[in-house]
Amino acid sequence: SESLKDALAGKFFIGTAMNAPQIEGTDTAAIGVITQHFNAIVAENCMKSEELQPEQGKFDFTLADKMIEFGMQNNMHIIGHTLIWHSQAPKWFFTDAQGNEVSRDTLIERMRTHIHTVVTRYKGRVKGWDVVNEAIEDDGSWRQSKFYKIVGEDFVRLAFEFAHEADPDAELYYNDYSMAHEGRRQGVINMVKSLQQQGVKIHGIGMQGHMSMQFPEVSEFEKSLVAFANLGVKVMITELDVSILPSPRRDVGADVALNYDYQKEMNPYTEGLPDSISSALHQRYLDFFKLFIKHHDKINRVTLWGVHDGQSWKNDWPMRGRTDYPLIFDRNYEPKPIVAAIIEEA
Ligand code: XIL
């Protein structure tokens with residue numbers, strides 16, 4: 001088989017995130033890769049609330065419509081990302097005309113309007129929604145977001161109910177990162193169980209796969225994957241990439257951050273990856289894909305967070321202007337050897 005999607009057919013969807021250059025079609029080579037290898041798409045940015053509703057009541061669906069159109073034409077499994085998230089949400093969402101924080105009722109109304117408008121527009125075309133993103137912390141406690149602080153933990157239930165009202169046939173997911181973390185695993189399990197006990201329709205849990213070469217351990221990731229599946233929901237690996245770059249020190253001050261040696265230390269592979277690191281990256285991807293294939297009965301979809309290395313957000317996060325190699329297609333749109341290895345493994 002020549003393509004990931006053919007090789008993995010019958011196991012799980014294999015997806016990628018699309019950003020503006022792919023959606024607008026200026027990154028033409030990426031379109032070829034997407035249509036050859038992937039059968040699921042998600043918007044990397046253009047369906048976040050600050051993009052879709054930058055001003056209250058003024059929706060901008062230009063890019064999102066284009067992506068949905070592309071997905072429909074190419075028979076893709078289309079995922080909506082994301083309805084309720086503390087990040088990339090417009091400021092107006094939480095403040096009134098005087099600049100004061102809105103009341104609980106007002107925020108709930110705004111959530112309802114946003115979710116109803118967006119989900120209704122793409123009803124029948126978006127198959128699944130990341131309804132709530134990143135509500136739980138590493139230690140299992142609630143993230144102290146505006147949604148949580150103003151509405152209380154019910155904001156999650158309400159978001160799912162609004163989405164279900166707008167499209168009863170859409171699958172509804174909870175999505176979060178560092179899901180291999182024991183505390184977060186338990187926190188998410190508790191939250192999902194509580195939603196299920198309240199009769200809330202929740203169909204899946206998305207495990208963002210933003211990995212480094214060390215974390216998470218495959219066995220810890222597996223524990224979460226199995227524990228989530230045991231809740232009776234689908235599991236998705238939603239934002240897979242593996243950064244090979246060192247993590248910036250958290251204690252770094254501006255003077256150190258601007259220091260030339262430090263910059264170089266944080267961005268060591270501008271000229272290409274040493275073979276030893278390429279093969280370690282290959283092995284890391286292979287270990288995870290072996291795990292996904294082993295548990296394919298639990299996994300609905302695996303989505304890479306971007307098409308090719310040149311486009312990855314990891315070049316700019318958590319530090320700007322770096323050269324990272326986190327995806328499975330390189331800067332020349334060529335498949336890395338891992339692509340053939342996954343096809344072989346499937
Ligand atoms: C990231 C995008 O990749 C970047 O382009 C953007 O600048 C910030 O957001 N968790 C998520 C994704 O759920 O939406 C984030 O995407 C990465 C972390």
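The values are calculated or read from the model by the stated rules, or taken from the named source; none is laboratory data. Because the structure is a prediction, the values reported are computed rather than measured. Quick reminder, even Gly has a Cβ in these numbers, built from the backbone with ideal geometry, and neighbours come from all protein chains shown.
A few points about this structure:
- Considering the stretch 271-298, the residues that are assigned to a loop (DSSP other than H, G, I, E, B) and under 26 Å from the mean Cα position of the chain (by Cα) include one that is farthest from T238 (Cα to Cα), namely L273.
- First in the stretch 129-143 and among the small types (G, A, S), second anywhere and in a loop (DSSP other than H, G, I, E, B), Cβ under 9 Å, 6 or more apart: A135/W85; A135/H86; A135/R143; A135/S145; A135/E153; G140/H181
- Complete set of residues in the stretch 306-326 that are surrounded by fewer than 23 Cβ atoms within 10 Å (Cβ to Cβ) and of a type in the set (A, V, I, L, M, F, W, C): W313, W317, M319
- L245 vs. criteria within 28 Å of I328 (Cα to Cα), touching a residue at least 12 places away in the same chain (Cβ under 8 Å), among the hydrophobic types (A, V, I, L, M, F, W, C) and in a helix (DSSP H, G or I): no
- Look at the stretch 44-57: where a residue is farther than 14 Å from R110 by Cβ and a partner is in a helix (DSSP H, G or I), sitting 6+ places away or on another chain with Cβ atoms under 7 Å, you get N45/E51; C46/A20; C46/I23; C46/L63; C46/A64; C46/M67; M47/A64.
- Criterion violated by K91 - all others in (1) farther than 21 Å from W313 by Cβ; (2) of a type in the set (D, E, K, R); (3) touching a residue at least 12 places away in the same chain (Cβ under 8 Å) satisfied: (3)
- Condition broken by N267, with the remaining ones in (1) more than 16 Å from the ligand (Cβ to nearest atom); (2) in contact with a Lys or Arg (Cβ under 7 Å, 6 or more places away or on another chain); (3) within 17 Å of F329 (Cα to Cα) satisfied: (3)
- Any hit, the stretch 38-48, residues being more than 23 Å from D169 (Cα to Cα) and either more than 16 Å from the ligand (Cβ to nearest atom) or part of a strand (DSSP E or B) (or both): yes
- Some residue of the stretch 279-299 being away from the ligand (no atom under 16 Å from the Cβ), among the hydroxyl-bearing types (S, T, Y) and at negative phi: yes
- Hits in the stretch 210-241 (condition: within 16 Å of the ligand (Cβ to nearest atom), farther than 18 Å from N175 by Cα and not in a loop (DSSP other than H, G, I, E, B)): S212
- With respect to being among the β-branched types (V, I, T), more than 18 Å from the chain's Cα centre (by Cα), modelled with pLDDT of 95 or more and on the phi < 0 side of the Ramachandran plot, I237 falls outside the description.
- For R320, the conditions (1) closer than 28 Å to G128 by Cβ; (2) within 12 Å of the ligand (Cβ to nearest atom) all hold with the exception of (1).
- Residue list for the stretch 9-25, filter: surrounded by 24 or more Cβ atoms within 10 Å (Cβ to Cβ) and away from the ligand (no atom under 16 Å from the Cβ): F12, I14
- Cross-chain or 6+ apart pairs with Cβ under 9 Å, the stretch 285-311 first and among the hydroxyl-bearing types (S, T, Y), then outside any strand (DSSP E or B): Y285/I328; Y285/K336; Y285/I338; Y285/A341; Y285/I342; T303/F38; T303/G209
- Answer residue from the stretch 74-93, given it is β-branched (V, I, T) and under 16 Å from F160 (Cα atoms) and is nearest to the ligand (Cβ to nearest atom) among those: T82
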